[in-house]
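Taking it in order: structure first as structure tokens, then the write-up.
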Amino acid sequence: MPRFGLATLNHSTLHGLPTQWERHLDAAAEAGFDALAPDVFWLRKLEEEGIAPETLRKGLDARGLACMEIAGIAIGEADATAAELAEHLRWSEALGAEFVNARVVEPVGPAIVERARGVAEALAAVGTRLALEFSRGTKLNSIADTRAFSEAIGVSGVGVTLDTWHFFLRPEGVEWDALDALPPEHFANVQLSDGVPYPEGEFGPATMDRRRMPGEGGFDLTRAAARVRARCPDLPVVVEVLNAEWREQPVRTFAQRAAESSRAVWTADADSA
């Protein structure tokens, strides 16, 4: 069975909210999540407040939670990438992170492939895998693009993040064939949410504020889950519902609903798969 992790990003300091880190951990544990998936804005603010990653790790351990994913690093200009990598190495080692999620923000070419290879090798040295995310907001726009980039990097353990929001709302259409063709070893993890189409030109606010709980939008998540689980039954699932209305609710309420809806959708059978 897949393990489920709760992303902190919806209730993150990115949105002007307090860190409330112990509430995040309590909420995840009480809702039955297996892990937490902290975001960089939240982790940076915790360190500013004097909460070391080692303290967070103790809190996770005490509640039986793992660190499933850190979201994430931008692979782009050399100095900026190096600075972010230093942060992520420190956090990954301290928290025992399974993955670091990555966005490629510079045009793909030999230089950016080599830079990504260096990131992947450095993370692998502390036991963390690099998970590559595609979206229309980055330079990797499809499963096919991301698979090719992963293969060019050539580091064991690097794989594709299937963010269901980007998968189903890709302007060029849903890549069912590319999903079916992705070898199991090229899967990294899933970022799970539901949604509906948004007007052209509103990608930013839509992706940050209008995602829906699994089962409450228009995505055929049951079909996607069945196809993924058929080849990767234990693929980790990060529940990443970014929604402005849910952001106004206590993190405990949010976590409970996220856990219930995600497990119901991702473990259901699909006759159409």
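The values are calculated or read from the model by the stated rules, or taken from the named source; none is laboratory data. Here the structure is a predicted model, which is why all the values come from computation and not from measurement. Because the Cβ atoms are built from the backbone with ideal geometry, glycine has one as well, and the counts that use them run over all protein chains shown.
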> Only one of (1) more than 24 Å from Glu260 (Cα to Cα); (2) part of a helix (DSSP H, G or I); (3) basic (Lys, Arg) is not met by Arg103, so which one is it?
Replying inline: (2)
> Out of the range 131-159, which residues are in contact with a strand residue (DSSP E or B) (Cβ under 6 Å, 6 or more places away or on another chain), aliphatic (A, V, I, L, M) and over 25 Å from Glu200 (Cβ atoms)?
Replying inline: Ala131, Leu132, Val158
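Restricting the search to the range 38-61, which residues are over 27 Å from Gly137 (Cβ atoms), touching a residue at least 12 places away in the same chain (Cβ under 8 Å) and in a helix (DSSP H, G or I)? Don't jump to the end; show me each part of the working.
From the range 38-61, those over 27 Å from Gly137 (Cβ atoms) are 49-61; that's our starting set.
Checking which are touching a residue at least 12 places away in the same chain (Cβ under 8 Å) leaves us with 49, 51-54, 56-57, 59-60.
Once the filter is applied, which keeps residues that are over 27 Å from Gly137 (Cβ atoms), touching a residue at least 12 places away in the same chain (Cβ under 8 Å) and in a helix (DSSP H, G or I), the range 38-61 yields Pro53, Glu54, Leu56, Arg57, Gly59, Leu60.
Residues are listed down the side, and each one gets a yes or a no for (1) buried (at least 20 other Cβ atoms within 10 Å of the Cβ); (2) part of a helix (DSSP H, G or I); (3) at pLDDT below 95:
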| position | (1), (2), (3) |
| --- | --- |
| Pro214 | yes, no, no |
| Phe219 | yes, no, no |
| Asp234 | no, no, yes |
| Val241 | yes, no, no |
| Ala255 | yes, yes, no |
| Asp269 | no, no, yes |
>> Out of the helices (runs of 4 or more DSSP H) lying entirely within the range 111-196, which hold 2 or more residues that are β-branched (Val, Ile, Thr)?
In response: 143-153
>> I'd like to know if the range 236-246 contains one or more residues that are over 20 Å from Val160 (Cβ atoms), free of Cβ contacts under 8 Å to residues at least 24 places away in the same chain and of a type in the set (D, E, K, R).
In response: yes
> Listed residues Asp163, Asp194, Asp177; which is surrounded by fewer than 16 Cβ atoms within 10 Å (Cβ to Cβ) and not aromatic (Phe, Trp, Tyr)?
Replying inline: Asp177
>> Which condition from (1) among the hydrophobic types (A, V, I, L, M, F, W, C); (2) in contact with a strand residue (DSSP E or B) (Cβ under 8 Å, 6 or more places away or on another chain); (3) buried (at least 19 other Cβ atoms within 10 Å of the Cβ) is the one that Ala74 breaks?
In response: (3)
> Looking at the range 47-100, which of its residues are of a type in the set (S, T, N, Q) and farther than 23 Å from Glu22 by Cα?
Replying inline: Thr81
> What is the number of the single condition among (1) of a type outside the set (D, E, K, R); (2) in contact (Cβ under 8 Å) with a residue 12 or more places away in the chain; (3) on the phi > 0 side of the Ramachandran plot that Gly201 does not meet?
Replying inline: (2)
> So which residues in the range 1-11 are surrounded by 24 or more Cβ atoms within 10 Å (Cβ to Cβ) and in a loop (DSSP other than H, G, I, E, B), if there are any at all?
Replying inline: Thr8
